[in-house]
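Have a look at the structure below before the remarks.
The values are calculated or read from the model by the stated rules, or taken from the named source; none is laboratory data. Since this is a predicted model, take the numbers as computed values, not measurements. Glycine gets a Cβ as well: all are built from the backbone with ideal geometry, and neighbour counts include every protein chain shown. When the accessible area is computed, the model is the full protein with side chains, heavy atoms only, and any ligands, DNA or RNA have been set aside. Shrake-Rupley method; radii C 1.70, N 1.55, O 1.52, S 1.80 Å.
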Amino acid sequence: MTTSANPPCLNLEIIGHIARITFNNPAARNAMTWPMYEELKTICDDLAKNPKVRVAIFRGAGDKAFVSGSDIQQFVDLKKDEAYEVAVDHIFISLQELPMPTIALIEGLAVGSGLLMATACDFRISTPEARFGIPVAKTLGNCLSPSNLAWISAHLGIPTVKKMLLTAELIKAPQLLDSGFIYQTVEATDITAAGDTLAEKLAALAPITQKASKIALSRILNSNLPDCTDLMRETYNSNDFKEGVNAFLEGRTPKWNGK
């Protein structure tokens, strides 16, 4: 997979009935800037209205990461409590509810928002060395929205999600095969072909049935969610969150004080 020296962006290529979307910020392991999130929302909205596209394949540029999370710099000027989590919720839902099947091809890291976006896809194919997690208890000291927690818990199981969140451990792909979270592991040289093979299989099936099935499941998972605004505000307004952002940008270990 070739990389680009261009500014961080998403690349969209549609050939025949397959759309290919690349998270292109390899210098930062494909960390998502806010413009990249906005691009993702626009691409998903456009794909949802394109009946010619039968499958969408997402991957990261280079071989170091699918997406390594959000660009931490954008948290420095975060002004309004839980606003970030609320905003990205809408973007992730647009990915979850794409009418066509979606595939994530994962090399290297899928952490933080990278794990959330990989989980928002219907199928995940990775290399055996790929690692997954949400190490916010070690890095930033922030938290997830209830909708994102519900979504990843439904796909990974609560024990695995607790392990990821409370211990900040990253989990290797082979450990996620038996649960079905990872559809297939292949070597890096074979990952493009594996994605294409699955895409052709999916594209040959009934698209309206696929759309109804996946969007109904999404609606079920996103229904009757609790109001956790108090928890998100407590977290994002905390000194610990400010310390986590500053420590990350300064390249030091954060000092948590529980305030």
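Worth pointing out:
- Once the Cα-Cα distance is subtracted from the 0.36 nm per residue extended length, the T192 to L231 segment shows a gain of 10.0 nm.
- Simple point charges give the picture: +1 on the Cβ of Lys and Arg, -1 on the Cβ of Asp and Glu, and for the stretch 109-259 a dipole about the Cα centre of about 320 debye.
- Nonpolar atom fraction for the chain, defined as the carbon and sulfur part of the 1.4 Å probe accessible area, stands at 55 percent.
- The charge dipole of the stretch 37-167, taken about the Cα centre with unit charges on the Cβ atoms of Lys, Arg (+1) and Asp, Glu (-1), comes to about 360 debye, rounded to the nearest 20.
- log10 of Debye I(q)/I(0), alpha-carbon scatterers only, for the stretch 14-107 at 0.26 Å⁻¹: -1.38
- Local charge for I93 was computed over the other residues whose Cβ lies under 14 Å away, with Lys and Arg +1 and Asp and Glu -1, and equals -1.
- Candidates A199, A212, A150: whichever shows maximal mean-square fluctuation once the chain is modelled as a Gaussian network with Cα springs under 10 Å: A212
- Largest mean-square fluctuation among I215, I182, I106, in a Gaussian network model of the chain whose springs join Cα atoms under 10 Å apart, belongs to I215.
- Between L205 and A87, the C-beta separation translates, for a Förster distance of 25 Å, into a calculated FRET efficiency of about 0.15.
- Once the Cα-Cα distance is subtracted from the 0.36 nm per residue extended length, the K64 to A216 segment shows a gain of 51.3 nm.
- Most mobile of E200, E129, E39 in a GNM of the chain (Cα contacts under 10 Å): E200
- For the stretch 162-259, accessible area per residue (1.4 Å probe, heavy atoms of protein chains only), Å²: 65
- Taking a ≥ b ≥ c as the square roots of the eigenvalues of the Cα gyration tensor, an a/c ratio of 1.5 or more together with a/b no larger than b/c marks the stretch 198-259 as oblate.
- Applied to the stretch 200-208, the Karplus parametrisation 6.51 cos²θ - 1.76 cosθ + 1.60 on θ = phi - 60° returns per-residue 3J(HN,Hα) values of 5, 4, 5, 5, 7, 9, 6, x, 6 Hz, with x for Gly and Pro.
- Percent of Cα-Cα distances greater than 18 Å, calculated over the stretch 67-177: 48
- Under the shape rule built on the C-alpha gyration tensor, where the axes satisfy a ≥ b ≥ c, the stretch 134-255 is oblate, since a/c reaches at least 1.5 while a/b does not exceed b/c.
- Summing Lys and Arg as +1 and Asp and Glu as -1 over all other residues whose Cβ lies under 12 Å from the Cβ of L105 gives a net charge of -1.
- For the stretch 174-259, the tally of Lys pairs with Cα-Cα distances below 20 Å comes to 4, considering only residues 8 or more apart or on different chains.
- Between the beta carbons of S223 and E250, assuming R0 = 45 Å, the FRET efficiency works out to 0.60 to the nearest 0.05.
- Overall, the ratio between the Cα radius of gyration of the chain and 2.2 N^0.38 Å, rounded to two decimals, is 0.97.
- Summing Cβ point charges (Lys, Arg +1; Asp, Glu -1) relative to the Cα centre of the chain gives a dipole of roughly 200 debye.
- Whole-Hz couplings from phi, Karplus 6.51/-1.76/1.60, listed for the stretch 43-48; x for Gly and Pro: 4, 5, 5, 5, 5, 4
- Cα centroids of the stretch 174-222 and the stretch 103-128: 11 Å apart.
- Straight-line cross-link reach from K172 at under 20 Å between alpha-carbon atoms covers these lysines, not counting any fewer than eight positions away in the same chain: K64, K138, K162, K163.
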